[in-house]
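Visitor: Following this message is one structure expressed as C-alpha cells.
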Amino acid sequence: MALSPEEKQARKRDRMIEKARELQIGSYARRFVAPVFQKMRRAEAAADPRPFATAVVNGEIAQVKREIGECVCVTCGRVAPWKGNSIGGGVIETGHFIASRRMSVLFVEEPTPNSFAQCKHCNQHLGGNQGCYELWMRCVYGQDEIDRLRRLKNETVQFTRETLVDMRLAYQVRLTAAINSMKEGE
Ligand SMILES: [Zn+2]
C-alpha cells in the first residue's frame, strides 16, 4: 500500500534522526542545520519586497537601494545577489553579530535575530566588521537588544537531535518558500 505524504514525511524524519545519531550533537548542528539556516536567512532577506535596506555605509547609517533577489551587507552596504555560484560561494554570506558557535546564539531569531546578510569581505576579512555591526544593531534594534544577545551568549542551550532535525526541516520549508516567492516576482 502506498504511503500517505504524512507517512513519507515521518519516515524521512526518522531516517534523518538515525543519521544524526552518527554525529555529536554540536557537529550535526554546525554541519547540517547551520548551513540551511544561514541560506534561509539570506533568501528571506532577498525575498523582502522593500526597495531600500538599512545598512552602515562608510561608518554611517544609510538607506541602500536594492531589488528583490538581492541582499545588502548590513556593515558596508554592498549589494549583491543572495545566492552565489556553486564554486567558491557568493559575495553575500550570513554573518553573526555575536560571533559564537554556541547554540544559544547560533540560531536565534526571536525577538531579535543574531544573524544578517553580510558580504564576505566584512564577514571574513574584517572579522565580522564589529564596530559597524554594533552601530547597525543599535540603530535597528537598540542597545537593550544588543545587551540581551550578549547575555544570551553565556546561557547554555542544548538541543536534542530530534529538535535539530525538526529545525532543519522547518528552515528548509522557509528557504523553499522564499525562493518560490522570488521566482513569482520575476
Ligand atoms: Zn560588507
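Visitor: Cβ contacts < 9 Å: first residue within 10 Å of the ligand (Cβ to nearest atom), restricted to region 122-138; second residue among the hydroxyl-bearing types (Ser, Thr, Tyr) and open to solvent by 50 Å² or more (accessible area, probe 1.4 Å), any location; separation 6+ or different chain. Result?
Guide: Here the result reads none, with nothing in region 122-138 linked to a residue that is among the hydroxyl-bearing types (Ser, Thr, Tyr) and open to solvent by 50 Å² or more (accessible area, probe 1.4 Å).
Visitor: Can you report the number of residues in region 101-135 which are farther than 28 Å from Gln172 by Cα and not in a loop (DSSP other than H, G, I, E, B)?
Guide: Here the count works out to 6.
Visitor: Further question: Run down Arg161, Arg101, Arg168 and say which single residue is buried (at least 20 other Cβ atoms within 10 Å of the Cβ), within 18 Å of Ile25 (Cβ to Cβ), out of contact with any strand residue (DSSP E or B) (no Cβ under 7 Å at 6 or more places or on another chain) and not polar (S, T, N, Q).
Guide: The unique qualifying residue is Arg168.
Visitor: I would also like to ask the following. What is the residue count in region 139-158 for residues that are surrounded by 12 or more Cβ atoms within 10 Å (Cβ to Cβ), touching a residue at least 40 places away in the same chain (Cβ under 8 Å) and part of a loop (DSSP other than H, G, I, E, B)?
Guide: So the answer is 1.
Visitor: Thr176 - would you say it is modelled with pLDDT of 95 or more, within 15 Å of the chain's Cα centre (by Cα), of a type in the set (Ser, Thr, Tyr) and buried (at least 16 other Cβ atoms within 10 Å of the Cβ)?
Guide: Against the criterion (modelled with pLDDT of 95 or more, within 15 Å of the chain's Cα centre (by Cα), of a type in the set (Ser, Thr, Tyr) and buried (at least 16 other Cβ atoms within 10 Å of the Cβ)), Thr176 does not qualify.
Visitor: In the set Gln158, Gln130, Gln124, Gln143, which member is under 27 Å from Glu22 (Cα atoms) and among the polar types (S, T, N, Q)?
Guide: None of the others qualify; the one that does is Gln158.
Visitor: Restricting to region 37-52, name every residue that is open to solvent by less than 50 Å² (accessible area, probe 1.4 Å) and more than 8 Å from the chain's Cα centre (by Cα).
Guide: If the condition is that a residue be open to solvent by less than 50 Å² (accessible area, probe 1.4 Å) and more than 8 Å from the chain's Cα centre (by Cα), then Ala43, Ala45, Ala46, Ala47, Asp48 are the ones that fit.
Visitor: If you don't mind, there's one more thing I want to ask. Go through (1) open to solvent by less than 10 Å² (accessible area, probe 1.4 Å); (2) in a loop (DSSP other than H, G, I, E, B) and name the single condition Ile68 misses.
Guide: (1)
The values are calculated or read from the model by the stated rules, or taken from the named source; none is laboratory data. Remember, predicted model here, so these are calculated numbers, not experimental data. As a convention, Cβ positions derive from the backbone with ideal geometry for all residues, glycine included, and neighbour counts pool all protein chains shown. Quick note on the areas: whole protein, heavy atoms, side chains included, nothing else; ligands and nucleic acids left out. Shrake-Rupley method; radii C 1.70, N 1.55, O 1.52, S 1.80 Å.
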